[in-house]
Amino acid sequence: MPLDIISYLESFPKETVYYCPNPGNAGDALIASATYQLFDRCGVIYDTISENIRAIDNLDFLKDKIVMYGGGGNFVKYYKHAAIALERLHSVAKKLIILPHTISGHEVLLKGFGSHVDLICREEVSFQYVQSVATDANVFLAEDLAIHLDIEELFGRVYCNDFIYPTRIYWKRAWAQIKKRLACFRVDDEKTSLLLPIDNIDLSALYGHYINMGKRLEVDEVSYHFLHFIQAFSEIRTNRLHAAIGAALLGKKVYFYPNSYHKNESIYRYSLQEKFPHVKWRKN
């Protein structure tokens, strides 16, 4: 049975939880904004710790503490950051919660997780995999946290000046706005062989540099600009998960495409297909 994330967060004792954000791009900022909102909504008392766990020499201050690691797609074979952080955190924390993630690979680490670790997967493929490998941990299934984002609350919280775009982006955006259609496809390790449109804007990467996920105002500002950009269009074509989720929350027509592995399709089947009928899956 899927986990009710609201009830789960509300169930924690009223002691300080140490939140280690998952680093990344603007899509990860959207998850972080939703996470901060959920903490407030559920009465979670929290303090943030640096996302760069490797730079912290001594983690003894986390002994007998509850630690939450931010949700996302960083705990897969393409990336090492989450695995390195979680390997250190689970050895010291009284309780370690990995908020909704896509998970693959890292078998040795997963097998080493004990009963003090809660692994929350954000789609069924990861859930089945983690259940089969992390046999001593507690494994749950819940939606990507960005789906819980209250956009009205976010927009009411943040006042930002216009973002200054590089010249090439300015002209691509202007051309896309004439068509009212945004092409937002990946150009990183999770890209596919799909031929990119000439006016493609990898929006998540555009806003994705040097975000301090531990600073709520900074995260909310990135999320605001990310969503404000999308808001100008009536139709979005993308294989960026959080461009799709952001556009879905804004009520846009979305054509959602695969990334290089199962993540996009698995999340679409699990949590987007029924909740957002205006999001349509496209194979290519």
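Computed quantities for the displayed model
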{"quantity": "Test: residue in region 60-69 that is in the same structural domain as F127 (by TED's automatic domain parsing), surrounded by fewer than 24 Cβ atoms within 10 Å (Cβ to Cβ), of a type in the set (K, R) and not in a loop (DSSP other than H, G, I, E, B)", "calculated": "yes"}
{"quantity": "Residue count, region 76-102 (criterion: touching a Leu at 6+ places or on another chain (Cβ under 7 Å) and either crowded, with 24+ Cβ neighbours inside 10 Å or of a type in the set (A, V, I, L, M, F, W, C) (or both))", "calculated": "9"}
{"quantity": "In region 211-240, the residues that are of a type in the set (S, T, N, Q) and in contact with a Pro (Cβ under 9 Å, 6 or more places away or on another chain)", "calculated": "N212, N239"}
{"quantity": "Verdict on N74 being within 13 Å of the chain's Cα centre (by Cα) and modelled with pLDDT under 95", "calculated": "yes"}
{"quantity": "Selection count, region 37-59, where residues are surrounded by 20 or more Cβ atoms within 10 Å (Cβ to Cβ) and among the aromatic types (F, W, Y)", "calculated": "0"}
{"quantity": "Complete set of residues in region 37-52 that are at pLDDT 95 or above and either of a type in the set (A, V, I, L, M, F, W, C) or assigned by TED's automatic domain parsing to the domain that holds V219 (or both)", "calculated": "L38, F39, C42, V44, I45"}
{"quantity": "Residues that are free of Cβ contacts under 8 Å to residues at least 40 places away in the same chain and on the phi > 0 side of the Ramachandran plot, drawn from region 53-74", "calculated": "D64"}
{"quantity": "Qualifying position, being of a type outside the set (A, V, I, L, M, F, W, C), modelled with pLDDT of 95 or more and outside any loop (DSSP other than H, G, I, E, B), among H225, H242", "calculated": "H242"}
{"quantity": "Subset of region 103-139 [of a type in the set (A, V, I, L, M, F, W, C), under 18 Å from the mean Cα position of the chain (by Cα) and surrounded by fewer than 21 Cβ atoms within 10 Å (Cβ to Cβ)]", "calculated": "V125"}
{"quantity": "Tally of residues being touching a Phe, Trp or Tyr at 6+ places or on another chain (Cβ under 8 Å), without any contact (Cβ under 8 Å) to a residue 60 or more places away in the chain and in a helix (DSSP H, G or I) across region 8-41", "calculated": "2"}
{"quantity": "Checking G251 against (1) surrounded by fewer than 20 Cβ atoms within 10 Å (Cβ to Cβ); (2) modelled with pLDDT under 95, the condition it does not meet", "calculated": "(2)"}
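Quick grid of which residues meet (1) of a type in the set (F, W, Y); (2) over 23 Å from E15 (Cα atoms); (3) touching a strand residue (DSSP E or B) at 6+ places or on another chain (Cβ under 6 Å):
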residue: K94; (1), (2), (3): no, no, no
residue: P100; (1), (2), (3): no, no, yes
residue: R122; (1), (2), (3): no, yes, yes
residue: Y129; (1), (2), (3): yes, yes, no
residue: L149; (1), (2), (3): no, yes, no
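The values are calculated or read from the model by the stated rules, or taken from the named source; none is laboratory data. As the structure is a prediction and not an experimental result, all values here were calculated from the model. Methodologically, a virtual Cβ is constructed for each residue, glycine included, from the backbone with ideal geometry; neighbour enumeration extends over all protein chains shown.
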